[in-house]
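Asks: Submitted below is the structure of interest, expressed as structure tokens.
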Amino acid sequence: MSEVYSNDFLKIMEDKSKSIFTIYFSFVNRILINSLIRTRILQGATSTDDYKEIKFKAHSVKSLIQFKEEKNNAIPINKVVDMVWSLTNQLEYLIKVESCTILGYNPENIIVINDKKFIFVGSEMVLKIEDEMSLISCPFSKNDFYVSPELLKIKELPSYVDYKMCYFSLGCLIMYALLSNDDFYIEYLKHQQIDEIIENLNSHPIKNTKLYWLLSRCLVEDSKKRSIILI
């Protein structure tokens, strides 16, 4: 077994003789693992009974950061569309089946399987939804993940926030994949205005494509008006 990737919350090991990869989670999360197995984003994957590990066959496994570096720091649009398909399917399962949402997306908690499937593995970031709201009880940094405008406004913990905070964060993640850097996010944090993000979106070649309109629906100030439908 050899280590493929690790961060503070997980470790990925490879059995090269069998092309089998194992993800070891620091935070046990049955719901997150089910979002990968039951959606068949990871076909043929199996989990241990305690939901601490998940095994699957693959030709290659890497982090989104590694994948982006391989693509000279700008992921091709067709691969970004693959990423959108995988992550929105996983997120819709979490919301509709498990009544859960995601606090936020970070490139470090996205894993790329066979350069085709993109999975969210941030088990510590999954939150329950109650009456379209989620309880934020743990402190976080603006650099822990892509933070939505409503999270920036939190003055005390615990606080309830609209579960669609994850839509904005996913939009920022997609922008990160499309662009050579995430300066757009740094500027957004500096002024706490989404205009910096929208300017980058409007100047990108994807303008007026389905992907552009998806991002336009994710990256709005009013969380109630956000959606992740690719039409």
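We did not get these values from a lab; they are worked out from the coordinates using the rules stated. These numbers come from a predicted model, not from an experiment. FYI the Cβ positions are ideal-geometry reconstructions off the backbone, even for glycines, and counts take in every protein chain you see.
Asks: Most mobile of SER169, SER141, SER99 per a Gaussian network model of the chain (Cα springs, under 10 Å)?
Replies: In the Gaussian network model the winner is SER141.
Asks: Related question: In debye to the nearest 20, how big a dipole does the range 67-107 give about its Cα centre with +1 on each Lys and Arg Cβ and -1 on each Asp and Glu Cβ? Please list the in-between numbers first.
Replies: On the way: 4 positive and 5 negative charges, 18 e Å.
With Lys and Arg at +1 and Asp and Glu at -1, about 80 debye.
Asks: Same structure, new question: Provide the net charge surrounding GLU53, with neighbours chosen by a C-beta distance below 13 Å and charges set as Lys +1, Arg +1, Asp -1, Glu -1.
Replies: That sum, taken over residues with Cβ under 13 Å, equals +1.
Asks: Could I ask something else about it? Would you tally the net charge around ILE33, using a Cβ to Cβ cut-off of less than 14 Å, leaving ILE33 out, and scoring K and R as +1, D and E as -1?
Replies: 0
Asks: As a quick test, which of the pairs LYS11/LYS210; LYS55/LYS155; LYS16/LYS210; LYS16/LYS117 have an alpha carbon distance above 31 angstrom in this structure?
Replies: Going by Cα-Cα distance, LYS11/LYS210; LYS55/LYS155; LYS16/LYS210 fall outside the 31 Å limit.
Asks: Please name which of ASN200, PHE56, ILE119 has its Cα lying farthest along the dipole of the chain towards the positive end, using unit charges on Cβ (Lys, Arg +1; Asp, Glu -1) and the Cα centre as origin.
Replies: PHE56
Asks: Moving to a separate point now. Where does the charge balance sit around VAL112 when Lys and Arg score +1, Asp and Glu -1, over other residues with C-beta under 11 Å from its C-beta?
Replies: Numbers: positive: LYS62, LYS68, LYS71, LYS79, LYS116, LYS117; negative: GLU70, ASP82, ASP115.
The answer is +3.
Asks: Treating only the Cβ atoms of Lys and Arg (+1) and Asp and Glu (-1) as charged, compute the dipole magnitude of the chain about its Cα centre; round to the nearest 20 debye.
Replies: 780
Asks: Compute the distance from the alpha-carbon center of the range 75-101 to that of the range 103-177, in whole Å.
Replies: The range 75-101 and the range 103-177 have Cα centres spaced 13 Å from each other.
Asks: Give the order of ILE54, ILE95, ILE186 when sorted by the count of other beta carbons within 10 angstrom, beginning with the fewest.
Replies: If I rank by nearby Cβ atoms, fewest first, I get ILE186, ILE95, ILE54.
Asks: Something else now. Can you sort SER180, SER6 by how many other beta carbons sit within 10 Å, fewest first?
Replies: SER180, SER6
Asks: What value, in deg cm²/dmol to 500, does the helix sum -39500 (n - 2.57) over DSSP H runs of n ≥ 4 give at 222 nm once divided by the residues of the chain?
Replies: After summing the helix terms and dividing by the residues of the chain, the value is -10000 deg cm²/dmol.
Asks: Kindly identify the range 86-218 as rounded, prolate or oblate by the Cα gyration tensor criterion: order the square roots of the eigenvalues as a ≥ b ≥ c, call it rounded if a/c is under 1.5, otherwise compare a/b with b/c, prolate if a/b is larger, else oblate.
Replies: Here the range 86-218 falls in the oblate category.
Asks: Loop sites only, by DSSP: take the GluC sites (Glu not before Pro) in the chain that have at most 14 other C-beta atoms within 10 Å and name the longest stretch containing none of them.
Replies: Details: sites that count: GLU132, GLU156, GLU221.
In the chain, the maximal stretch lacking such sites is 1-131.
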